[in-house]
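Just below is one structure, and these are the notes that go with it.
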Amino acid sequence: MAVGIFLFFGAIMASLAGITLVWRGTALSRIWTLNPRAYSELAPLGKPIGLLFLSLAAALASAGTGWLKRRRWGWQLSVVIIGMQILGDVTNIFYGHIIQGLAGVAIGGALLFYMTRPFIRACFAPIPKQIVHSHDP
């Protein structure tokens, strides 16, 4: 349940970022005061980066839905998304954001480790089709 909630939280945050990058100057734009460095890096990229954030939000919401419904594709999409996040954090390390990158790698790595444990994967195993017996009266 916690992973599904985490994915939906990420979808909300990505939506906020996307909306404020596509439609600048709205009341929501003040949210960037929480992370002005990120805004200064993302704002020059304009609407295309905002649309990418909105796409990420859709992917996160889909993954959250699949995760909470215990669908195999939801688990797979979640693993891919967290794996990509870890790669992004590794990239941050090379760009000089060492503490943020290391923290992201540690947190994402722990989450990915948890998500790929056999007892978690088993929750998302395909459900075998049940054999239906018809009884003639």
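What follows draws every value from the coordinates through simple rules; no lab data is involved. Note that the coordinates shown come from a computational prediction; the quantities given were computed from them, not determined experimentally. Cβ coordinates were reconstructed from backbone atoms using ideal geometry, including for glycine residues, and neighbour counts include every protein chain displayed.
Its DSSP H runs of at least 4 residues, each contributing -39,500 (n - 2.57), put the calculated 222 nm mean residue ellipticity of the chain at -23000 deg cm²/dmol, to the nearest 500.
Put a dot 7 Å past the Cα of Leu51, heading toward its Cβ, do the same for Thr116, and the two dots end up 3.3 nm apart. Note on Thr26 and Ile107: their simple-model spin labels are 2.5 nm apart, each label 7 Å out from Cα toward Cβ. On C-alpha positions alone, give me the angle between the axis of helix 2-22 and the longest principal axis of the chain, in degrees, nearest 10. Taking the Cα atoms of the chain, the angle to 2-22 is about 40 degrees. A Förster radius of 25 Å, combined with the Cβ-Cβ distance separating Ala43 from Tyr95, puts the computed FRET efficiency at roughly 0.90.
Axis angle, to the nearest 10 degrees, between helix 72-94 and the longest C-alpha principal axis of the chain: 30 degrees. Summing Lys, Arg as +1 and Asp, Glu as -1, what charge do residues with Cβ under 13 Å from the Cβ of Tyr95 carry, Tyr95 excluded? With Lys, Arg at +1 and Asp, Glu at -1, the net is -1. In terms of overall dimensions, region 70-125 has a Cα radius of gyration and Dmax of 12.9, 40 angstrom. Note on Kirkwood radius over Cα pairs in Å: of the candidates (1) 16.9; (2) 15.4; (3) 14.9, the value calculated from this structure sits at (1).
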